[in-house]
Amino acid sequence: MDLRFSAEDEAFRHEAAGWLNEHLAGEFAAVRGRGGPGDEHALFDERLAWERKMGAAGWNCVGWPTEHGGRGATLSEQVIFHEEYARAGGPGRIGHIGETLLGPTVMAFGSAEQKRRFLRPIVRAEEIWCQGYSEPNAGSDLANVQTKAVLEGDRWVVTGQKVWTSGAHWSDWCFVLCRTEPDAPSHQALSYLLVPMKQPGVEIRPIVQMTGTSEFSEVFFEGARTDAANIVGARGEGWKVAMGTLAFERGASTLGQQHSFENELNHVFELARRNGAAADPVMRQRLADAWIGLRIMRYNALRMLTNADHAELGGEALITKLYWATWHRNLGKLAMDVLGARSEIAGDLPYDLTGLQRMFLFTRSDTIYAGTNQIQRNIIAERALGLPREPKLVPK
Ligand SMILES: Cc1cc2nc3c(=O)[nH]c(=O)nc-3n(C[C@H](O)[C@H](O)[C@H](O)COP(=O)(O)OP(=O)(O)OC[C@H]3O[C@@H](n4cnc5c(N)ncnc54)[C@H](O)[C@@H]3O)c2cc1C
């Protein structure tokens, strides 16, 4: 198996790195390294301007086909782009939900008119999207969503509550999984609607997280409206479309993040050398273990790319989410142990955490969002290992 990138890939790397380094300077120098977990609100307008700059130069949505405004980059090139983006210190992305989730979903399941209407504004970073799946009683058990939509004339009217909606407060649109067929069995009762966020029937209540910031919110729909045509797939096909989106969320879109993990790990190494923690034999083993884990992640990503066809990953991608999320959560804990007692003291008053503290707190959520570790294990058991399906609880 040849795990090396091809000469074309390396030429692409050179071009991407060159553009990023040249343009993450001057007016955009300040956004370098900003906007990551726990720092989501930093320099928002400047980061949005940066995404628009990338869009205008053809560096947004690089994996999308050129007919939809992308660059037609192969999977390997997409990974390379993510690596170079992290290496150059590119800021946390604002439009990533549109780029990695909604856009690919519209391309796979949407109508020609939806492709025309929704894809270009994502590439230009003119419309920002959020994901309206989870509800107070529907997380892992997503099919239990209770938000309802009723067709009144030429509009859907949406009522219900979503929760943990990342980026809701700065989004223009939300893709909402909701119940439109009350008499159908649960998996055929759902539809996938595209709902504008800036309207009177939508109320957003930010949730303050452990990091002190509000990356996500509760979203209340009280008679919110959207055009009848803003349904992806047919009525009652929402489950199928929603699963398509989840496959994008757990698959290729995360393959390129190892370089930002490496930046974090190097930071922890530096600290351990400086404060003497690296002299402790147990700590040394844990540091080495983290390094090995990251190498495994990288070689596994390369193995998947080698086996993949031009655009799709094979079944081995099923382990990706479980592996990276667990590794990253453990890195957060390791960082705090390297810091020792200092990890418990905020950088400044009233609650100004250091980057490593924010990383530790935010990584607690890695094994929850986009499917918890337990759910990922169920998926691996059933789809990759062919074990019997998880028994369903039958109501008495
Ligand atoms: C930072 C962050 C951002 C998020 N962003 C979004 C977003 O933008 N949009 C959105 O819609 N949602 C978002 N979520 C919500 C996320 O998708 C849910 O938190 C996740 O699906 C888990 O659902 P839950 O929180 O309801 O937990 P539950 O489903 O109630 O799970 C509780 C515990 O029970 C376990 N469990 C549940 N079912 C099973 C089972 N069948 N077998 C074994 N164990 C099981 C779980 O693994 C977990 O440990 C976000 C969450 C976080 C933390």
Find the residue count for the range 190-245, including only residues that are at pLDDT 95 or above and not in a loop (DSSP other than H, G, I, E, B).
31
Kindly indicate whether any position in the range 67-89 is farther than 20 Å from H23 by Cα, without any contact (Cβ under 8 Å) to a residue 12 or more places away in the chain and hydroxyl-bearing (S, T, Y).
no
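Name the residue, out of M297, M336, M359, M304, that is at pLDDT 95 or above, open to solvent by less than 80 Å² (accessible area, probe 1.4 Å), hydrophobic (A, V, I, L, M, F, W, C) and not in a loop (DSSP other than H, G, I, E, B). Break it down into steps so the answer makes sense when it comes.
On the way: M297 fails: at pLDDT 95 or above; M359 fails: at pLDDT 95 or above; M304 fails: at pLDDT 95 or above.
Answer to the selection: M336.
Restricting the search to the range 315-372, which residues are in contact with a Phe, Trp or Tyr (Cβ under 8 Å, 6 or more places away or on another chain), hydroxyl-bearing (S, T, Y) and over 29 Å from Y133 (Cβ atoms)? Can you show your working first?
Restricting attention to the range 315-372, the residues satisfying the condition of being in contact with a Phe, Trp or Tyr (Cβ under 8 Å, 6 or more places away or on another chain) are 324, 327-328, 331-333, 335-336, 343, 366, 369.
Pick out the ones that are also hydroxyl-bearing (S, T, Y) and you get 343, 369.
Of everything in the range 315-372, just one residue is in contact with a Phe, Trp or Tyr (Cβ under 8 Å, 6 or more places away or on another chain), hydroxyl-bearing (S, T, Y) and over 29 Å from Y133 (Cβ atoms), namely S343.
To keep it simple, each residue is scored yes or no on (1) in contact with a Ser or Thr (Cβ under 6 Å, 6 or more places away or on another chain); (2) of a type in the set (K, R); (3) closer than 19 Å to I80 by Cα; (4) assigned to a loop (DSSP other than H, G, I, E, B).
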{"position": "D2", "(1), (2), (3), (4)": "no, no, yes, yes"}
{"position": "R13", "(1), (2), (3), (4)": "no, yes, yes, no"}
{"position": "W19", "(1), (2), (3), (4)": "no, no, yes, no"}
{"position": "E22", "(1), (2), (3), (4)": "no, no, yes, no"}
{"position": "A29", "(1), (2), (3), (4)": "no, no, no, no"}
{"position": "G33", "(1), (2), (3), (4)": "no, no, yes, yes"}
{"position": "E40", "(1), (2), (3), (4)": "yes, no, no, yes"}
{"position": "E46", "(1), (2), (3), (4)": "no, no, no, no"}
All but one of (1) in contact with a Leu (Cβ under 9 Å, 6 or more places away or on another chain); (2) part of a helix (DSSP H, G or I); (3) within 27 Å of A168 (Cα to Cα) hold for E84, so report the exception by its number.
(3)
Take the range 156-215 and flag every residue that is within 13 Å of the ligand (Cβ to nearest atom) and charged (D, E, K, R).
K162, E215
Would you mention how many residues in the range 99-155 are more than 13 Å from the ligand (Cβ to nearest atom), closer than 28 Å to A49 by Cβ and either among the aliphatic types (A, V, I, L, M) or assigned to a helix (DSSP H, G or I) (or both)?
17
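Matching residues to (1) out of contact with any Asp or Glu (no Cβ under 9 Å at 6 or more places or on another chain); (2) over 19 Å from L246 (Cα atoms); (3) among the charged types (D, E, K, R):
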| site | (1), (2), (3) |
| --- | --- |
| G72 | yes, yes, no |
| S76 | no, yes, no |
| G95 | no, no, no |
| V106 | yes, no, no |
| G110 | yes, no, no |
| S134 | yes, no, no |
| A138 | yes, no, no |
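Okay, residues lined up against (1) open to solvent by 90 Å² or more (accessible area, probe 1.4 Å); (2) more than 20 Å from K333 (Cα to Cα); (3) modelled with pLDDT of 95 or more:
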{"site": "P350", "(1), (2), (3)": "yes, yes, no"}
{"site": "L353", "(1), (2), (3)": "no, no, no"}
{"site": "T367", "(1), (2), (3)": "no, no, yes"}
{"site": "G371", "(1), (2), (3)": "no, yes, no"}
{"site": "A381", "(1), (2), (3)": "no, yes, no"}
{"site": "G386", "(1), (2), (3)": "no, yes, no"}
{"site": "R389", "(1), (2), (3)": "yes, yes, no"}
{"site": "P395", "(1), (2), (3)": "yes, yes, no"}
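Given the criteria among the acidic types (D, E) and part of a helix (DSSP H, G or I), does E67 qualify? So that I can check it myself, show each step before the final result.
Values: among the acidic types (D, E): yes; part of a helix (DSSP H, G or I): yes.
Against the criterion (among the acidic types (D, E) and part of a helix (DSSP H, G or I)), E67 qualifies.
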Failed criterion for T326 (all others in (1) away from the ligand (no atom under 16 Å from the Cβ); (2) surrounded by fewer than 20 Cβ atoms within 10 Å (Cβ to Cβ); (3) part of a helix (DSSP H, G or I); (4) not hydrophobic (A, V, I, L, M, F, W, C) hold):
(1)
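Name the residue that is farthest from M304 (Cα to Cα), counting only residues in the range 46-89 that are among the acidic types (D, E) and open to solvent by less than 20 Å² (accessible area, probe 1.4 Å). Give the derivation first.
Here is the first cut: in the range 46-89, the residues among the acidic types (D, E) are 46, 51, 67, 77, 83-84.
The next check asks that each one be open to solvent by less than 20 Å² (accessible area, probe 1.4 Å); those that pass are 51, 83-84.
Details: E51: 29, E83: 16, E84: 19 Å.
The selected residue is E51.
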With the requirement that a residue be open to solvent by 40 Å² or more (accessible area, probe 1.4 Å), among the aliphatic types (A, V, I, L, M) and more than 18 Å from the chain's Cα centre (by Cα), what does the range 208-253 give you?
V208, M210, A229, A234
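The values are calculated or read from the model by the stated rules, or taken from the named source; none is laboratory data. Everything numeric here is computed off the predicted structure, so don't read it as measured data. Cβ: placed from backbone, ideal geometry, glycine included. Neighbour counts: every protein chain shown. The accessibility values were calculated without ligands, DNA or RNA, using every heavy atom of the protein model including side chains. Shrake-Rupley method; radii C 1.70, N 1.55, O 1.52, S 1.80 Å.
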